[in-house]
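Report on one structure; see the data block that follows.
The values are calculated or read from the model by the stated rules, or taken from the named source; none is laboratory data. From a predicted model like this one, the values you see are computed outputs, not experimental measurements. As a convention, Cβ positions derive from the backbone with ideal geometry for all residues, glycine included, and neighbour counts pool all protein chains shown. Side chains are part of the model used for accessible areas, which takes the heavy atoms of the whole protein and leaves out ligands, DNA and RNA. Shrake-Rupley method; radii C 1.70, N 1.55, O 1.52, S 1.80 Å.
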Amino acid sequence: MKRTGFIVLIVAMLCCLPAQAQLGGLINKGKNALNKAKEVKEKVDEGIKKVNGDVDFYFMDAYKGFYRSKNNKIVLEDRHIEGKLSGKNIVYTIEKNGDVKYDDGSKVGSVHDGGVINCHNSSTQLTLAANGDVMMDGETIGQIDYAGNVSFLGKTIGKAPGIDRQIAAYIFFGILNDKQGITTAIEKAKEEKLRAEQQRKQAEEARLKAAEEAKARQAAAAAQQANSNKTSSQQASTKQASSNNTAKPKKVQEWTIEKGGSRCGYVDANGVVYNWAHNKIGQLPKGSGDIKDGSGSTIGRINMGDIYKGSTLVATVSSGGSISVPGSNATVAEVHAGGRIDMSKDSKTLGYCDVRPYEWAVAIIFCDIFRF
């Protein structure tokens, strides 16, 4: 009986194997069918988009909806949360006469020839210039380029490639933004610009004060040196003077280094760099050569206007003081009168160092070789 039971068990296990194999085959066929159906649906959806002329638009890298050129409809990703249209996408329709209507039938704006755009039933709120500039109350607030990139106050806020630029202006500045929000942002930007200008003036005043203090110190040192030489000459005999009056080295000219509105160090005519306590922290080459730290180790190099940090090229300065970075010939910063180095994009002042050659000032302030 025991042997018979064992044989029955073996036969049962062998019978199960084909059934399991068939089940696995069915599962794989099901997965393949689902994947094929998904591909078909994607192709159908893509075909529908092409037929309807649907073009997606994005706000701050987030998908916000699409414009259907077939019937001039702006379809938002957002949906109604109440009322008869609850659960449906919010839709704006641009009529042939330029009126913009909400999906409840009410007129909420219009677009006209000449780039005139009215939003929220206001008078002329926006104007789109031929070059893509978006203007409000006579002031340029944004720009839409031919590639559909949308910017507001100099910062990219969205993309609408393939959408008429006047319609894109209505979407981004009339639907996704309102006049109150735009006005608030403009006022904030002006306040930030004013603060930056005040900080620049304060830094300039501090620089002038530091320059005056340095000049006064140099004058005092020169007077003290003159008095000391005179006293020594009067007290010594002619023989002693001839044997002991060794020429003292001429005081090397120094220039102050300023960053963040305060003096943080000095550099002299020999290229020696000091911190605020006048301790040597580095050495710049006269002409092309190595840049060294306070212990004499090489930390960079200057070669015909090219400035390296370690072995990496970080900046190039022209004979006129224009600064560029690797990968672009565009000027990113400039050395102005008084050794002031400003960024070209926003005129932000990085610091001051009225020294020549320009490579020294750029290495110290722009490249921050000595980490002030």
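Could you tell me whether any residue of segment 109-129 is farther than 13 Å from Ala169 by Cβ, open to solvent by less than 60 Å² (accessible area, probe 1.4 Å) and of a type in the set (S, T, N, Q)?
yes
Is there a residue being charged (D, E, K, R) and in contact with a strand residue (DSSP E or B) (Cβ under 9 Å, 6 or more places away or on another chain) anywhere in segment 113-125? Break it down into steps so the answer makes sense when it comes.
Start the filter on segment 113-125 by keeping residues that are charged (D, E, K, R), which leaves 113.
Those still in the list that are in contact with a strand residue (DSSP E or B) (Cβ under 9 Å, 6 or more places away or on another chain) too: none.
Looking through segment 113-125, none of the residues is charged (D, E, K, R) and in contact with a strand residue (DSSP E or B) (Cβ under 9 Å, 6 or more places away or on another chain).
Condition check ((1) open to solvent by 70 Å² or more (accessible area, probe 1.4 Å); (2) over 17 Å from Ile365 (Cα atoms); (3) among the hydroxyl-bearing types (Ser, Thr, Tyr)) across all residues:
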| site | (1), (2), (3) |
| --- | --- |
| Ile257 | no, no, no |
| Leu284 | no, no, no |
| Gly289 | no, yes, no |
| Ser311 | yes, yes, yes |
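Gly296 - would you say it is over 27 Å from Glu213 (Cα atoms) and open to solvent by 60 Å² or more (accessible area, probe 1.4 Å)? First the steps, then the outcome.
Working: over 27 Å from Glu213 (Cα atoms): yes; open to solvent by 60 Å² or more (accessible area, probe 1.4 Å): no.
Here the answer is no, as Gly296 does not meet what is asked.
Do we find that Gly287 is touching a Lys or Arg at 6+ places or on another chain (Cβ under 8 Å) and either modelled with pLDDT of 95 or more or assigned to a loop (DSSP other than H, G, I, E, B) (or both) in this structure? Steps first, please.
Working: touching a Lys or Arg at 6+ places or on another chain (Cβ under 8 Å): no; either modelled with pLDDT of 95 or more or assigned to a loop (DSSP other than H, G, I, E, B) (or both): yes.
So Gly287 fails the test.
Examine segment 332-345 for a residue that is open to solvent by less than 70 Å² (accessible area, probe 1.4 Å) and over 20 Å from Arg200 (Cα atoms), and state whether such a residue exists.
Looking through segment 332-345, none of the residues is open to solvent by less than 70 Å² (accessible area, probe 1.4 Å) and over 20 Å from Arg200 (Cα atoms).
For segment 155-181, which positions are open to solvent by 10 Å² or more (accessible area, probe 1.4 Å) and part of a helix (DSSP H, G or I)?
Step one: of segment 155-181, the residues open to solvent by 10 Å² or more (accessible area, probe 1.4 Å) are 155-157, 159, 161-167, 175-181.
Of everything in segment 155-181, those that are open to solvent by 10 Å² or more (accessible area, probe 1.4 Å) and part of a helix (DSSP H, G or I) turn out to be Arg165, Gln166, Ile167, Ile175, Lys179, Gln180, Gly181.
Test Val51 against the stated conditions and say whether it is more than 17 Å from Asn177 (Cα to Cα), surrounded by fewer than 16 Cβ atoms within 10 Å (Cβ to Cβ), of a type in the set (A, V, I, L, M, F, W, C) and modelled with pLDDT of 70 or more.
Details: more than 17 Å from Asn177 (Cα to Cα): yes; surrounded by fewer than 16 Cβ atoms within 10 Å (Cβ to Cβ): yes; of a type in the set (A, V, I, L, M, F, W, C): yes; modelled with pLDDT of 70 or more: yes.
The answer is yes for Val51.
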